1. Just reorder Ser206, Ser100 by solvent-accessible area, largest first, 1.4 Å probe, all chains present.
2. Can you give me the C-alpha center-to-center distance between segment 103-126 and segment 163-196, rounded to a whole angstrom?
3. Let me spell out the model: positive unit charges on the Cβ of Lys and Arg, negative unit charges on the Cβ of Asp and Glu, origin at the Cα centre of segment 133-193. What dipole size does that give, in debye rounded to 20?
4. Report the one residue of His44, Gly142, Thr59 whose Cα lies farthest in the direction of the positive end of the charge dipole of segment 36-149 (charges on C-beta: Lys and Arg +1, Asp and Glu -1; origin at the Cα centre).
5. Taking +1 at the Cβ of each Lys and Arg and -1 at the Cβ of each Asp and Glu, which of Pro132, Met174, Tyr68 sits farthest along the dipole of the chain towards its positive end, judged by Cα position relative to the Cα centre?
6. Quickly estimate the mean residue ellipticity at 222 nm for the chain, helices only: each DSSP H run with n ≥ 4 gives -39500 (n - 2.57), and the total goes over all residues, rounded to 500.
7. Where is the GNM fluctuation largest for the chain (alpha-carbon springs, 10 angstrom cutoff): Asp64, Asp186, Asp131?
8. Can you bin segment 139-214 into rounded, prolate or oblate? Criterion: square roots of the alpha carbon gyration tensor eigenvalues sorted a ≥ b ≥ c, rounded for a/c under 1.5, prolate for a/b above b/c, oblate for the rest.
Amino acid sequence: DLQLELARAYLYVGDPKKSIISANRALQIEKTNPDAYFFKGLAHSQLQDTMKAISSYQTATEQDPDHYQSFMHLGLLCSGKNMKIAKDYYNNAIRIDSSSLEAWYGLGMFEQKRKEYPAAKKTYRKMLKIDPQYEDAYYNLGYIYFQQDSIEEAYKHFNIAVNVEPSYSKGYYMRGLIEESRGKKDIARKDYNRALSLDPEFSLASKGLERLAN
């Protein structure tokens with residue numbers, strides 16, 4: 001336990017190499033300890049050695065098939081490399097905790113990134129059954145519908161996103177973009193201005209206003 005706490009502490013202060021040493025010492029005492037492999041995964045991530053991090057997290061899940069955090073980190077890392085297996089890791093995290101919004105969202109984003117739009121929409125809808133106020137799920141559904149040229153459905157979901165979270169600048173921007181495409185310039189201008197009032201560095205909203213000024 002002391003070696004594991006040291007491994008955690010070294011991670012906290014940003015010394016991943018010493019963290020690995022402590023984790024390895026813990027494994028000399030108990031070589032099947034999943035937390036030791038998990039800390040090694042975190043340390044390798046800090047050292048930007050993604051493949052060693054993945055290997056450590058995988059070993060943690062082999063020692064404990066219900067090690068939620070390892071499955072989540074595997075999903076994130078493999079998603080970043082667009083590895084199809086990321087979906088399995090997210091699904092395992094959901095198996096362990098079916099109410100985990102971060103796991104559902106990670107899965108949905110991975111499916112969306114791979115343009116698996118029907119699957120992503122299904123995932124986001126499952127999220128909204130857990131938390132009907134999750135604005136990112138509404139926004140992402142809107143974005144998918146926008147990509148599929150379902151403008152009415154896209155607008156509806158962007159509108160829900162900003163009603164759920166009135167400070168959601170991206171939602172106002174996308175709503176404005178749809179209004180601009182409909183020729184409703186005054187309404188689009190209001191949404192672009194609202195987006196900029198919330199995020200003064202929102203360059204897409206600034207460009208939208210520039211288009212409307214011409």
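1. Descending accessible area places them as Ser206, Ser100.
2. Value for the Cα centre distance between the two parts: 24 Å.
3. That gives a dipole near 240 debye.
4. Gly142
5. In the chain, that residue is Met174.
6. -25000 deg cm²/dmol
7. Evaluated over the chain, the most mobile residue of the options is Asp186.
8. Because a/c hits 1.5 or more and a/b fails to exceed b/c, segment 139-214 counts as oblate.
The values are calculated or read from the model by the stated rules, or taken from the named source; none is laboratory data. For clarity, every value in this text was computed on a predicted model and none was experimentally measured. In this analysis, Cβ positions are derived from the backbone assuming ideal geometry, glycine residues included, and neighbour counts consider all displayed protein chains. These area figures cover heavy atoms from the full protein model, side chains too; ligands, DNA and RNA do not enter into them. Shrake-Rupley method; radii C 1.70, N 1.55, O 1.52, S 1.80 Å.
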